[in-house]
Amino acid sequence: KALFGLIMLAMAVWVSRPAWPFLVAQVKGADAVTSTHQSALPFKRVRSVADLEDALLQARQAGQPVMLDFYADWCTSCLEMEHQTFKDAAVQAKIKPVLLLQADVTANTEADRALLQRFQLFGPPGIIFYDAQGRELAASRVIGYQAPADFMAKMQKAGL
């Protein structure tokens with residue numbers, strides 16, 4: 001029983017590793033957690049609903065489709081998307097003409113929560129696609145991890 005208990009404790013510690021910076025900051029009473037995340041894709045960060053609306057307006061004026069990615073350092077599915085899906089050569093080639101926006105909600109600030117609430121998302125990962133006219137393609141939303149082939153199918157469904 002004791003050995004099994006130690007194994008379970010070790011697993012809990014290992015699984016919770018991505019959340020440690022966030023938890024430490026919360027314990028210390030820090031107002032924000034700074035993400036050091038560098039994506040495999042050239043995302044432009046949006047930090048508020050106003051930032052997002054500005055970026056969407058510019059994309060609409062340029063006639064460019066948009067992919068909005070919700071990411072957090074403590075989100076294991078986000079890390080899987082980064083290391084497996086976003087690094088896939090076929091995904092990178094297909095996504096080149098798309099404006100890539102990313103809402104890093106690692107710190108869980110009021111602005112982060114407002115962005116999530118805007119799309120009725122509980123948390124990351126979540127990916128929202130917009131067409132070149134600025135219309136959200138709700139049927140093509142990605143919630144949770146998707147392997148490269150599945151992600152490519154969603155992009156195809158979004159007309160990208």
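Between ARG45 and GLN102, the built amide H atoms are under 5 Å apart, and every one of these is 5 or more places off in sequence or on another chain. Each 10 Å bin from zero up to the one holding the largest Cα-Cα distance in the chain carries the following percent of pairs: 10, 37, 33, 14, 5, 1, 0. Each Lys and Arg adds +1 at its Cβ and each Asp and Glu adds -1 at its Cβ; summed about the Cα centre, region 67-124 shows a dipole of about 260 debye. Using a probe radius of 1.4 angstrom, the carbon and sulfur fraction of the accessible surface of the chain is 59%. The distance from the alpha carbon centre of region 115-141 to that of region 57-71 is 11 Å, rounded to a whole number.
Exposure check, 1.4 Å probe, all protein chains in place: SER48 carries approximately 30 Å² of accessible surface.
Taking trypsin sites (Lys or Arg not before Pro) across region 84-160, the ones in a DSSP loop with at most 13 further Cβ atoms lying within 10 angstrom of their Cβ are ARG135.
Rolling a 1.4 Å probe over the heavy atoms of the protein chains gives the chain an accessible area of 57 Å² per residue.
The values are calculated or read from the model by the stated rules, or taken from the named source; none is laboratory data. Every value quoted in this text rests on a predicted model; they were computed, and no experiment measured them. Cβ: placed from backbone, ideal geometry, glycine included. Neighbour counts: every protein chain shown. Areas reflect the complete protein model, heavy atoms only, side chains present, ligands, DNA and RNA absent. Shrake-Rupley method; radii C 1.70, N 1.55, O 1.52, S 1.80 Å.
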